[in-house]
1. Within segment 69-89, is even one residue assigned to a strand (DSSP E or B) and modelled with pLDDT under 95?
2. With respect to Arg24, is the statement that it is over 24 Å from Glu100 (Cα atoms) and at pLDDT below 95 true?
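The values are calculated or read from the model by the stated rules, or taken from the named source; none is laboratory data. All values reported here derive from a predicted model rather than from experimental measurement.
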Amino acid sequence: MGIKIDALKCTGCMACEMACGYHRDDGFALLSSCIVAYRTREKKDYFGVLLKREEDLLIARPEGTEIRRLGETEEEADSGKEQDASAKPMLLREACDLCEEMEIGPMCVKFCPVNAITEE
Ligand code: SF4
Ligand code: SF4
């Protein structure tokens, strides 16, 4: 089982990031989240989502999804939050555990208001 992200549906609301932070840290600690919503400053209405997994980083952008091995991506260095000095690098975050201990299943899936994240 894994999770799939459709960036074309994403509105950048950050609910997934908050839900994951809650799962990780019993609080709305965004720096603990292994899923990160981002937008770019150059393009209007452009939303994407980064997901740190055990072996790689899933980068869901409107133009498609990429999977990159850890250590190879610019997004790791800036968490996709360009020019945001407070962002924690993806490399330092824990990998997604698919919310294995949560009775309701993956929190990000449950909390995404537009069903951009689904189980597969
Ligand atoms: S499945 Fe759970 S651990 Fe994985 S990104 Fe979603 S909320 Fe975070
Ligand atoms: S909860 Fe859904 S819409 Fe909101 S940022 Fe995450 S993927 Fe995008």
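1. Yes - at least one qualifying residue is present in segment 69-89.
2. no
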